[in-house]
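Novice: Mind looking over this structure? Questions follow.
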Amino acid sequence: MPIATQAELYPPNPREVPPDLTAPTPAYKRRAWLAFGGLVVFVGLYLGLTVYLGWLSFRLIYDAVTGGSAFFGLLAAALPALFFAFLVRGLFLVKHRRDESLVEVTADDQPELFRFVHRIADETGAPRPHRVFLSARVNAAVFYDLSFWNLIWPSRKNLEIGLGLVEALSLDEIKAVVAHEFGHFAQRTMAVGRWVYIAHQIAGHVIVSRGWLDRMLHGLSGVDIRIAWIGWTLRLLVWALRAVLDTFFLLVIHAHSALSREMELQADLVAVSVSGSDSLIHALHKLGAADDAWDRASRLAI
């Protein structure tokens, strides 16, 4: 019996797909622009505070050096300079998605898999994944490293394919699930949706992350009480700064929550446009049982 070619194995696309099936709905556009507005407010506040504190630090240091009272001037500049460094640090944070259980595969290792994945990406109008990883989970996901600068330059996206998912689904159902993941970043969806998602993750990471400043202030607060009060005061000021940013970030969270469901529906429509509705429905039905079986097997193994 002749071996089937990749073209023969690839599930066919549905016929007579409405041309406007994946077009963003008015509700999607409205909520996307609302989320965009909230992000503009947050990013403007963050960058505005950073620039102001940098300018204030420079002026105080300049006046101290040129005015003759260097010691007290530099002492006065220390606080805004500290907060300036804290905010600048957030601009260079990178959130790495590392998972030791993932195994990377390449086109040389699995050429058929890569042709399959690349064809789905091309059909959905999404960028091809930068790297592909296999896992034991019942899962398929697109993930990437995040930094503040991804608001301007898009990050390269990686694809995780769970072997549990491959075992539980047929080929057309796998195509539907992977197409759904690509649908979140497809070129046919609004670019602002991708921008909202990335900025949401980055902004949350900037606010909740802890680094050298927190460790320094924690150590300063634990020494002699004659010095510890400085650490307590600075920790209070850092908390107040984070509270201000977090309050404005709530605008982003509420707007993004309203958008999230629309984004999921949009990704479903992208998947349906290349795989049909039956494949996606059957996949979702099977994945519930497969995920439950995986959880029970994992608990038993532990």
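Novice: Looking only at segment 41-52, which residues are open to solvent by 40 Å² or more (accessible area, probe 1.4 Å) and among the aliphatic types (A, V, I, L, M)?
Specialist: Val41, Leu45, Leu47, Leu49, Val51
Novice: So which residues in segment 123-174 are in a loop (DSSP other than H, G, I, E, B), touching a Phe, Trp or Tyr at 6+ places or on another chain (Cβ under 8 Å) and open to solvent by less than 20 Å² (accessible area, probe 1.4 Å), if there are any at all?
Specialist: If the condition is that a residue be in a loop (DSSP other than H, G, I, E, B), touching a Phe, Trp or Tyr at 6+ places or on another chain (Cβ under 8 Å) and open to solvent by less than 20 Å² (accessible area, probe 1.4 Å), then Ala126, Ser155 are the ones that fit.
Novice: Go through segment 264-278 and count every residue that is in a helix (DSSP H, G or I) and either in contact with a Pro (Cβ under 7 Å, 6 or more places away or on another chain) or open to solvent by 20 Å² or more (accessible area, probe 1.4 Å) (or both).
Specialist: Counting residues in segment 264-278 that are in a helix (DSSP H, G or I) and either in contact with a Pro (Cβ under 7 Å, 6 or more places away or on another chain) or open to solvent by 20 Å² or more (accessible area, probe 1.4 Å) (or both) gives 9.
Novice: Taking the conditions exactly as written (closer than 30 Å to Ala186 by Cβ and touching a His at 6+ places or on another chain (Cβ under 6 Å)), does Ala255 satisfy them or not?
Specialist: no
Novice: Scan segment 27-40 residue by residue and report those that are farther than 15 Å from Met263 by Cβ and open to solvent by 50 Å² or more (accessible area, probe 1.4 Å).
Specialist: Val40
Novice: (1) under 24 Å from the mean Cα position of the chain (by Cα); (2) at pLDDT 80 or above; (3) of a type outside the set (Ser, Thr, Tyr): which one isn't true of Ala240, the others all being true?
Specialist: The single condition Ala240 does not satisfy is (1).
Novice: Being without any contact (Cβ under 8 Å) to a residue 60 or more places away in the chain, aliphatic (A, V, I, L, M) and part of a helix (DSSP H, G or I) is the requirement here; does Leu60 meet it?
Specialist: The answer is yes for Leu60.
The values are calculated or read from the model by the stated rules, or taken from the named source; none is laboratory data. Remember, it's a predicted structure, so these values are computed and weren't measured experimentally. Every residue, glycine as well, gets a Cβ built from its backbone with ideal geometry; the counts of neighbours run over all protein chains shown. Quick note on the areas: whole protein, heavy atoms, side chains included, nothing else; ligands and nucleic acids left out. Shrake-Rupley method; radii C 1.70, N 1.55, O 1.52, S 1.80 Å.
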